[in-house]
Every structure is written in structure tokens, then in C-alpha cells.
Amino acid sequence: MSTHAGTTNRAGLIGAVKFDLARLHGAWMEVFFPRQRGRGHSVMGKWKPETFPQALGYYSWYVVGALGLFLLYPLAVFGLATRFYASKLDSTATRLGIVGVTLVAIVVWGLLSVLAYFELPWNSFLAIAAASSVAVVSTTLAAVCSKYGGRAVTVLFAYPFAMTALFLPPVVAALVTPSLEPHVLEPSYDFAAWLLDNVLFVGGVNEFLRESFDLEGGAYAAMWFGFAVSTGWLFGLLVSLANLVRPSPDDGDE
């Protein structure tokens, strides 16, 4: 029984992937060529090239689309997972309302500020309280943008605000709390070095950043703010790609 169920599930998954790829590639082909999607049972059938120039253009465009799907479809699958968890958070936020979400953020980051008040020097407490306040405001703005902004505003603002609320207070706490440095700042330094060597090497961007900035103090907070914004945009784009592959029921409402 379990073996049969596993085989059925795999067959269903493979079938779903094939359906997605065929539909997306057909949409790609229809940019320049007529009658490409869902023409298997059509009376007119799928359009085929009849001359050599037509065939050259048709199959060149076909290969470009296939390569694009090879690169983008795995990202779309990741976007589907991101959309699933984002929808869970969004439904929770909807039940709580903007005021409820803000109160939860105040409680969470307020507890961090209270702990800093009793355990750390005054200046350190002020830094953590300021970061926590920014996180609360970011949480509220993320909820407002998600509720009233539509898809574009959600991608451009809601996701970055949400990631900022998540990342900023722990980084600031690590800046003013030596015991947290090995757990936050040192991994941040290693992560920055990896980005410079493996991602930002194009055009000498890594050399410019190394010569212009030192990763210390507030630069850590600036780095994680930039990372929060870029990660928020990345998640938003992946969810948008997932909606293109498999539209969610709520897409028609936006």
C-alpha cells in the first residue's frame, strides 16, 4: 500500500511539473508565434514553421525558453514554498489586525529592551531600544502595505519592512553586548566576506567596498539593513514567480 501510494505521489508530482513546464513554455512561444498553448485537442492545432527562416526563429526561441525554464523553474518551486509560509503569516496577521500585529511586535521587542535596561549600560540600552522601536514601526508598515498595497507594494515595501523588523534588533544587540558577538557579528563578517568573494566580484564591486568601508560598529547594522531589503525583494519576486506558475486564489482580488 505505502509503495503504491509513494509511486502515485511521485507520478502526480512529475505530472504537475510537466504541466507547469508545458504551460509556461507555451506562453513563452506565444510571445512571437501563434497557437502554442493547449492546442493538443484544438481543431486548428499548434502552429508550425513552414520555411527555413521561420524554423530558425521558432526553434531558437524554443531553446531560449527551455533554458530560461531550466534556470527559473526551481526558483518558482522555492517561491511556492515561500508563498505557502507567507500566506500562513499573512492569515495570522489578518486575524490579529494591524493593531494586533503592532502589539505583538511591541511585546516581543519590548521584552528585549526591558532585558537590556536591567542588564546593560544606559547607552547600550538606548541603542537596543531604538532598534526595537524601528522594528515595531517596520512591522506595522509591513502589515499596512500587505493589507492595502496590492502585489507591487507588497513586494517593494512589505517584505523589506518585515525582514528589517526581524534582523535589526538582534544585530544591534550584538553590537553592544560582547557575549553575543561570536554568535552574530563573527558569522556576519564571514558572510560578508563570502558575498564579496563570490557574488560582488563582478565589475570590481568587492574591491570598491573593501577600500571604502570597514565592517565594524554601525556598518554591521547597515549591512544587515541592506541584506534585509534585498532579501525581502528576493522573497517577493520568488512569490510573484510562483504566482505566475501557479496563480493563488487571491490573485484575482488584487
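The values are calculated or read from the model by the stated rules, or taken from the named source; none is laboratory data. The shown structure was predicted, so the numbers you read here are calculated from the model rather than taken from an experiment. Please note: Cβ atoms are built from the backbone with ideal geometry, for glycine as well, and neighbour counts cover all protein chains shown.
Some values worked out for this structure:
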item	result
Within region 175-254, helices (runs of 4 or more DSSP H) holding 3 or more residues that are under 23 Å from the mean Cα position of the chain (by Cα) and farther than 30 Å from residue 146 by Cβ	181-198
Qualifying residues in region 50-80 (those that are among the aliphatic types (A, V, I, L, M) and over 17 Å from residue 235 (Cα atoms)) - the one surrounded by the most Cβ atoms within 10 Å (Cβ to Cβ)	69
The one condition in (1) modelled with pLDDT of 90 or more; (2) under 17 Å from residue 171 (Cα atoms); (3) out of contact with any Ser or Thr (no Cβ under 8 Å at 6 or more places or on another chain) that residue 103 fails to fulfil	(2)
Criterion violated by residue 147 - all others in (1) modelled with pLDDT under 85; (2) under 19 Å from residue 231 (Cα atoms) satisfied	(2)
Residue in region 124-139 that is in contact (Cβ under 8 Å) with a residue 60 or more places away in the chain, farther than 24 Å from residue 88 by Cβ, crowded, with 22+ Cβ neighbours inside 10 Å and out of contact with any strand residue (DSSP E or B) (no Cβ under 6 Å at 6 or more places or on another chain) present	yes
